[in-house]
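Working notes, beginning with the structure itself.
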Amino acid sequence: MKIAVFSAKRYDREFLSAANAKAQAGHQLHFIDAPLDMDTVAVAAGHEAVCIFVNDKADAEVLKALAQGGTRLVALRCTGFNNVDLKSAAALGLKVVRVVTYSPYSVAEHAVALLLAINRKVHRAYARTRDSNFALDGLMGFDLHGKTVAVVGTGKIGLVFARIMLGFGCEVIGYDKFPSQAFLDLGARYVGAGEIGARADIISLHCPLTPETQHIINEETLARMKRGALLINTSRGGLVDTEAAIEALKSGQLGGLGLDVYEQEADLFFRDLSSTIISDDVFQRLLSFPNVIVTGHQAFFTEEAISTICETTIQSVSQFATGQALSDEIKI
Ligand code: NAD
């Protein structure tokens with residue numbers, strides 16, 4: 001099959017080509033640096049499949065243009081699919097696949113990295129010691145041992161994160177719309193959504209972005225949190241109302257924020273803007289806090305995860321090409 005791979009970075013080219021060769025799939029990969037949107041969709045004409053990532057746009061208009069150009073399969077090389085209009089895809093007869101499981105460890109471990117860095121001020125210590133400043137003022141953290149950690153969304157990634165936190169000696173509580181026995185079996189327990197804020201010293205978000213979860217962290221829920229609690233978001237930027245989080249950071253209600261995702265990240269992430277003036281004032285305000293760390297949607301970025309993502313994507317395209325059932329199809 002001819003596959004148009006949008007938002008293609010060096011590592012996408014390397015790992016997708018390797019997966020294509022390893023499976024002897026023989027697909028023709030056409031790598032396109034630019035993201036998929038109405039300006040670039042014409043490039044996909046004549047490709048039966050497009051392969052897209054988290055910030056590519058697959059709304060009704062783009063999907064219609066894809067279908068008109070002969071595309072029949074949209075293969076997401078990620079887990080989340082909030083950027084695809086599934087109803088429009090179904091109406092147009094386009095199949096949509098994603099990578100259901102690759103490495104939940106990659107994302108859960110990155111959430112832990114953000115938590116440890118924020119709590120123990122590793123980012124500040126790193127900058128200080130490079131400047132021969134070995135003073136400790138301002139670097140005090142707290143023991144994670146004995147603290148209460150809330151996991152919102154106890155699916156694959158949330159479960160791994162919970163297990164790691166239990167290893168630190170934390171009490172782990174969780175909230176999920178669809179509670180699982182696996183979470184209880186770890187020795188964690190579920191609480192009501194309203195109880196999370198009142199009980200947790202640390203909250204980590206691992207649920208998908210849906211209309212229901214949009215801005216679940218907002219002015220009201222932030223006000224209900226324990227004063228000084230830490231918030232980690234490695235899921236999707238839209239879960240957090242960024243401006244409300246900024247107000248909570250200013251007042252000290254929120255004690256620290258570790259973000260791998262950001263509401264308006266499509267305009268920023270996955271490119272080098274170091275010689276550019278960033279016009280997003282909300283983002284720049286976030287970066288000005290000493291107790292905020294932002295990474296640019298890199299939680300998934302481990303060798304193991306990328307290999308699996310690319311191998312699964314090639315496998316899905318091959319399944320489609322040979323008329324097999326699609327094991328990772330998103331159905332509505
Ligand atoms: P998953 O489907 O295994 O788990 C998601 C969990 O959220 C499920 O248990 C589900 O029941 C729960 N959930 C759904 N709606 C909810 C609601 N309204 N309130 C509370 N819980 C709800 O998914 P996963 O593999 O664990 O991934 C979780 C999220 O992580 C993805 O949706 C994606 O947005 C994000 N993610 C981020 C990166 C990254 O690089 N930063 C990489 C992969 C995934």
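Quick note: the coordinates plus some simple rules give every number you see, no bench work behind them. Note that the structure is predicted; figures quoted are calculated from it, not measured. As a convention, Cβ positions derive from the backbone with ideal geometry for all residues, glycine included, and neighbour counts pool all protein chains shown.
GNM, the chain, Cα, under 10 Å: largest mean-square fluctuation among Leu249, Leu257, Leu205?
Its mean-square fluctuation being the largest, the pick is Leu249.
What is the projected area of the convex hull of the Cα atoms of the stretch 41-90, averaged over all directions, in nm²? Working shown, then result.
On the way: hull surface 12.0 nm².
Across all orientations, the stretch 41-90 yields a mean hull projection of 3.0 nm².
About the Cα centre of the chain, what is the dipole size in debye to 20, counting +1 per Lys and Arg Cβ and -1 per Asp and Glu Cβ, all else neutral?
Here the size comes out at about 560 debye.
Convex hull volume of the Cα atoms in the chain, per residue, in Å³?
150 Å³
What ³J(HN,Hα) values, in whole Hz, does the Karplus curve 6.51 cos²θ - 1.76 cosθ + 1.60 give for the stretch 64-79 when θ = phi - 60°, with x put for Gly and Pro?
4, 5, 4, 4, 5, x, x, 6, 10, 9, 10, 10, 7, 9, 7, 8
Considering the options Gly169, Leu92, Gly70, tell which one lies farthest towards the positive end of the dipole of the stretch 55-199, charges being +1 on Lys and Arg and -1 on Asp and Glu at the Cβ, about the Cα centre.
Gly70
By the scheme Lys and Arg +1, Asp and Glu -1, what is the net charge of all other residues having a beta-carbon under 13 Å from that of Gly146?
-2
Report the extension gain between Met38 and Phe168 in nm, rounded to one decimal, defined as 0.36 nm multiplied by the number of residues separating them, less their alpha carbon distance.
Additional length available on full extension: 42.1 nm.
Which one, Gly238, Gly256, Gly46, has the greatest fluctuation when you compute a Gaussian network model over the chain with C-alpha springs under 10 angstrom?
Top of the fluctuation ranking is Gly46.
May I ask which residue of Cys310, Leu257, Leu239 lies farthest towards the positive end of the charge dipole of the stretch 216-332, with charges of +1 (Lys, Arg) and -1 (Asp, Glu) on Cβ and the Cα centre as origin?
Toward the positive end, the furthest listed residue is Leu257.
About the Cα centre of the stretch 1-130, what is the dipole size in debye to 20, counting +1 per Lys and Arg Cβ and -1 per Asp and Glu Cβ, all else neutral?
Charge dipole, the stretch 1-130, about its Cα centre: 680 debye, nearest 20.
Considering only the other residues whose Cβ falls under 11 Å of the Cβ of Ala321, what net charge follows from Lys and Arg at +1 and Asp and Glu at -1?
Spelling it out: positives minus negatives among the neighbours equals +1.
Can you tell me which lysines have their Cα less than 23 Å from the Cα of Lys95? Leave out same-chain residues fewer than eight positions away.
Lys2, Lys57, Lys64, Lys87, Lys331
Per-residue HN-Hα couplings for the stretch 170-175, Karplus 6.51 cos²θ - 1.76 cosθ + 1.60 at θ = phi - 60°, whole Hz, x for Gly and Pro?
Each residue's phi maps through the Karplus curve to give 8, 8, 10, 10, x, 9 Hz.
What value does the stretch 10-123 have for Rg/Rh, both radii from Cα atoms and Rh as Kirkwood defines it?
1.06
Compute the distance from the alpha-carbon center of the stretch 1-36 to that of the stretch 40-82, in whole Å.
The stretch 1-36 and the stretch 40-82 have Cα centres separated by 14 Å.
Could you give the dipole magnitude of the stretch 167-305 about its Cα centre, charging the beta-carbon of Lys and Arg +1 and that of Asp and Glu -1, in debye to the nearest 20?
About 440 debye.
Picking from Asp176, Asp272, Asp39, which is most flexible by a Gaussian network model of the chain using Cα springs under 10 Å?
Looking only at Asp176, Asp272, Asp39, the biggest GNM fluctuation is shown by Asp272.
Report the full-extension gain for the segment Glu329 to Asn82: residue separation times 0.36 nm, less the Cα-Cα distance, to one decimal in nm.
Difference between extended and current length: 87.5 nm.
If exposed means no more than 14 neighbouring beta carbons inside 10 Å and the site is in a DSSP loop, what's the longest run of the chain without any exposed trypsin sites (Lys or Arg not before Pro)?
10-176
If each residue of separation counts as 0.36 nm, what is the full-extension length gain between Ala90 and Ser251 once their alpha-carbon separation is subtracted?
53.3 nm
Find out how many positive minus negative residues lie around Arg98, taking Lys and Arg as positive, Asp and Glu as negative, among other residues whose Cβ is under 12 Å from that of Arg98.
Details: positive: Arg77, Lys95, Lys331; negative: Asp328, Glu329.
Local charge sum for Arg98: +1.
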